[in-house]
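J.: I am attaching a structure below and will ask some questions about it afterwards.
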Amino acid sequence: MEDGKKPGKIRNIAELARLAGVSAGTVSRALADKSLVNKETRERIQALAREYGFRPNQMARRLRTQQTGVIGVVIPLGHERRQHISDPFFMTLFGYLADELTESGQDLMLSRVIPGDDEWLDRIVDSGMLDGALVIGQSNQTEAIERVAQYYKPLVVWGSHHEGQVQCTVGVDNAAGGRLAAQRLLDRGATRLAFFGDTKGPEIADRLAGAQQALAGSPQATLRAFPTHLASDEMASQIDAHLAELGNDVNGIVCASDIIAMTTIRLLHERGISVPERVAVTGFDDLPLSQRMVPQLTTVRQDIAAGARAMVETLRRRIAGEDAPSTVMQPELVLRESA
């Protein structure tokens, strides 16, 4: 201002429209950065809004559009009740999801759910607080998710896709990933294999099934499955017990996650067992941590960043009324020192 005084605040779009000499609709579109308003006019209106301290009423906009601007990110812990959100896989995927959502101006509501009944997801999606929901992992809650997906369309789940399912999923072909991991161990001469993972959830069950399929062409090879929690405070003691039971009767271990694999390698080291010379180990995920350990971890990569982009894009299409399908990504074997 010429007199050096701070300009008075503008209270609504109509006042800003009068000041700019345009219609209220033009102001609304310019503030939303719509290309229907030419670039010069958009920038002039946005500059006036900043100068006069005008911020659009978000509540009014949401009432007008019938959208909250909030996306729910839900982590169900049905069979892994002691698992923490700080789990590296959760945090990696959540970080990518947050980047995708917040860059487009949407807010997140994070829910860590320990299901106590079959209606935990109903309560979240029926709350009226969300435009849609992203579920990280199916846990042992496939039936509850499937039922909600029949009536609530803006729902996308990170997990396994099975023929005939209603829920829209984004995830890797877990069975193919399990085959890749087991085949790598077979190719380097391992014949006494073990699988560490909890198969109560469909993703890890598929990884075990894939590993078993790889052994079909190697009749001399064996595979023993050992239930192994993803919860960090139970994992190490379980793996230690598995290794004690196996003794020398193992030369390759297929781990259902990178964290299980890292813990396994540490415990093998404590037992004086060299990796991969005596026992080769594979992981699953290709988390950033997998390259920062010694030995570096051979693992099955699922492209978490691409998966997050696909989840958000699929959810946006479903919010817009499209019947967007599931996405099945192909896994990739990443060879490093542990196998």
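The values are calculated or read from the model by the stated rules, or taken from the named source; none is laboratory data. Bear in mind the structure is a predicted one, so any value in this text is a computation, not a measurement. Here Cβ is always computed from backbone atoms with ideal geometry, including for glycine, and neighbour counts include all displayed protein chains. Surface areas here come from the heavy atoms of the whole protein model, side chains and all, with no ligands, DNA or RNA. Shrake-Rupley method; radii C 1.70, N 1.55, O 1.52, S 1.80 Å.
J.: Taking +1 at the Cβ of each Lys and Arg and -1 at the Cβ of each Asp and Glu, which of Val172, Pro276, Ala241 sits farthest along the dipole of the chain towards its positive end, judged by Cα position relative to the Cα centre?
T.: It is Val172, whose Cα lies furthest towards the positive end.
J.: Same structure again: What 222 nm value per residue comes from the helices of the chain, counting each DSSP H run with n ≥ 4 as -39,500 (n - 2.57) and dividing by all residues, nearest 500 deg cm²/dmol? Display every interim value, and only then the final one.
T.: Values: 12 runs with 137 residues, N = 339.
About -12500 deg cm²/dmol.
J.: Okay, moving on. Taking just the alpha-carbon atoms of region 192-273, what radius of gyration and Dmax come out, in angstrom?
T.: 12.4, 37
J.: So how tilted is helix 232-246 from the main axis of the chain? Cα-based, degrees 0 to 90, rounded to 10.
T.: Tilt relative to the chain: about 20 degrees.
J.: Given labels modelled 7 Å from the Cα in the Cβ direction, how far is it in nm from Arg112 to Asp249?
T.: In this crude label model, Arg112 to Asp249 measures out at 3.8 nm.
J.: Quick check on region 88-242: what does the Kirkwood estimate of hydrodynamic radius come out to from the alpha carbon pairs, in Å?
T.: On the way: mean 1/r = 0.0565 Å⁻¹.
Taking every pair of different Cα atoms in region 88-242, averaging 1/r and inverting gives 17.7 Å.
J.: For the chain, what does the accessible surface come to per residue with a 1.4 Å probe? Please give it in Å². It would help to have the intermediate numbers written out before the result.
T.: Working: 16420 Å² over 339 residues.
Counting only protein heavy atoms, the per-residue value for the chain is 48 Å².
J.: For the residue pair Gln291 and Asn38, what label-to-label distance in nm results when each label sits 7 Å from Cα along the Cα-to-beta-carbon direction?
T.: Between Gln291 and Asn38, the label points sit 4.8 nm apart.
J.: Let me ask you something else. Quick check on the chain: of the DSSP beta bridges with both residues there, what percent are antiparallel, nearest 5%? Mind showing how you got there, number by number?
T.: Numbers: 3 of 40 bridges.
Counting only bridges with both partners in the chain, antiparallel ones make up about 10 percent.
J.: To continue, here is another question. Once both axes come from the Cα atoms, what is the angle between helix 174-187 and the longest principal axis of the chain, in degrees from 0 to 90, rounded to 10?
T.: 40 degrees
J.: Cα extents of region 67-180 along the three principal axes, largest first, in whole Å?
T.: For region 67-180, the Cα extents along the three principal axes come out at 43, 28, 28 Å.
J.: Does anyone have the angle between helix 88-102 and the longest principal axis of the chain? Alpha-carbon axes, 0 to 90°, nearest 10?
T.: 20 degrees
J.: What percentage of the solvent-accessible surface of the chain, computed with a 1.4 Å probe over protein heavy atoms, is contributed by carbon and sulfur atoms?
T.: 49 percent
J.: What is the percent of Cα-Cα separations in region 293-339 that go past 13 Å? It would help to have the intermediate numbers written out before the result.
T.: Values: 696 of 1081 pairs.
The answer is 64 percent, as a whole percent.
J.: So how compact is the chain: Cα radius of gyration and Dmax in angstrom?
T.: Just the Cα atoms of the chain yield Rg and Dmax of 25.5, 90 Å.
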